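Chemist: Submitted below is the structure of interest, expressed as C-alpha cells.
The values are calculated or read from the model by the stated rules, or taken from the named source; none is laboratory data. This is a predicted model, so every value here is computed, not measured. Protein only, heavy atoms only, side chains kept; ligands, DNA and RNA dropped before computing areas. Shrake-Rupley method; radii C 1.70, N 1.55, O 1.52, S 1.80 Å.
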Amino acid sequence: MSGDAQQTLGALLARLEVRERQIAVEAEAAHEQMVQLTALLDGLAQAAEHIAITRKTLLELTAEAPLAPAEPAASLPDGPAYQQIMAVFAEADAPLRARNVCEAMDLNLAPEQHQQRPHQTEALDQARNPGRNRAGTVHQATTAIARNSALTSAPTRGPWPSRPMPHGPSPRTARS
C-alpha cells in the first residue's frame, strides 16, 4: 500500500472508532430510558390495579347493605340573641373573645378577676404563718409553740417539729 492509502485507512479507522463510541453512549442512554419507562409502567399498572380493587370493594359494599340515612343537620338557634351574636361576628375583621362580643352587644360585664401576684402570695403566706419572717426563718417564740404542738398528733414534714398543715405545704417549703 502506498503512504496515502495508509493515511486514508488510518483516518477511516479513527472515524469508525469515534462513531462506535458514540453508538455505545447512545445505546447506554436508551437502556437507561428503558429502565425508567419500565419503572413508570409498573407504577401505573399497580395504580390501575388499586383503583380496580377499590371499585370492586365499593360495588360489593353497596350491594350488601343499603346506606344508612344521614342524620339531619342540627338546627341552629333562631332567637334574636343568636342573630345579634352572628351579626357581631360578621362585622368583625379579626377573631373575637367573649368579652369583645359582650362589649359589642352592650352587655354588662362581670368584674375581672386577677391572678395572685407574687407579693400577694407572700402576704397570704405571712397571714397563714405569722411566726415566719420574709427570709423564711422562724422566730424563737414560734419555735417554742411548735415544739409544744409537736407533742400532739400533728403530721410532721421532717425531723424537726412542725405545725399542723391544714392546706398542704406552703409555697416556700415546696420550692426547697
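Chemist: Could you run the Karplus curve 6.51 cos²θ - 1.76 cosθ + 1.60 with θ = phi - 60° over segment 48-55 and give me ³J(HN,Hα) per residue in whole Hz, x for Gly and Pro?
Modeler: Rounded to whole hertz, the list is 5, 5, 4, 5, 5, 5, 5, 4.
Chemist: Before I look further, what does segment 1-94 give for accessible area per residue, probe 1.4 Å, in whole square angstrom?
Modeler: Per-residue value: 92 Å².
Chemist: Can you give the accessible area of Leu58, probe radius 1.4 Å, in Å² rounded to 10?
Modeler: Roughly 100 Å² of Leu58 is accessible to a 1.4 Å probe.
Chemist: Contour minus end-to-end for Val101 and Ala29, with contour as 0.36 nm per residue of separation and end-to-end as the Cα-Cα distance?
Modeler: 19.0 nm
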